[in-house]
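Inspection log for the structure reproduced underneath, given as structure tokens.
The values are calculated or read from the model by the stated rules, or taken from the named source; none is laboratory data. This is a predicted model, so every value here is computed, not measured. All Cβ positions, even for glycine, are placed from backbone atoms using ideal geometry, and neighbour counts span all protein chains on display. What goes into the accessible areas is simple: the full protein's heavy atoms, side chains included, and nothing from ligands, DNA or RNA. Shrake-Rupley method; radii C 1.70, N 1.55, O 1.52, S 1.80 Å.
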Amino acid sequence: MENQQNNSLSFLDLIVTKQGQSLTTSIFRKPTFSGLGLSFFSNTPRLYKLNAIRTLVHRAYHLCSTYNNFSVELDF
């Protein structure tokens, strides 16, 4: 069982935050997340590289509940 911290609770790959009477969601990353992904300069088919970017944008669009959270995720 996980307890909330600072009105936030992580669930799967989301972090659900209570702000007043509403709930907002954004992407959750574990503290051990290294940030490594597919290098655009690697010897990998171009389609794989484009789909890696497309997948991250799709994930952010569908999991972030506010435009601000979506914008922060795109900047990341």
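Assorted remarks:
- Spans of strands (runs of 3 or more DSSP E) in the chain with at least 2 residues without any contact (Cβ under 8 Å) to a residue 24 or more places away in the chain and among the hydrophobic types (A, V, I, L, M, F, W, C): 8-11, 14-19
- Those residues of segment 61-76 which are of a type outside the set (Ser, Thr, Tyr), open to solvent by 100 Å² or more (accessible area, probe 1.4 Å) and touching a helix residue (DSSP H, G or I) at 6+ places or on another chain (Cβ under 9 Å), in sequence order: Phe76
- Restricting segment 26-60 to residues that are farther than 15 Å from Leu74 by Cα and among the β-branched types (Val, Ile, Thr) leaves a set whose member that is most open to solvent (accessible area, probe 1.4 Å) is Thr32.
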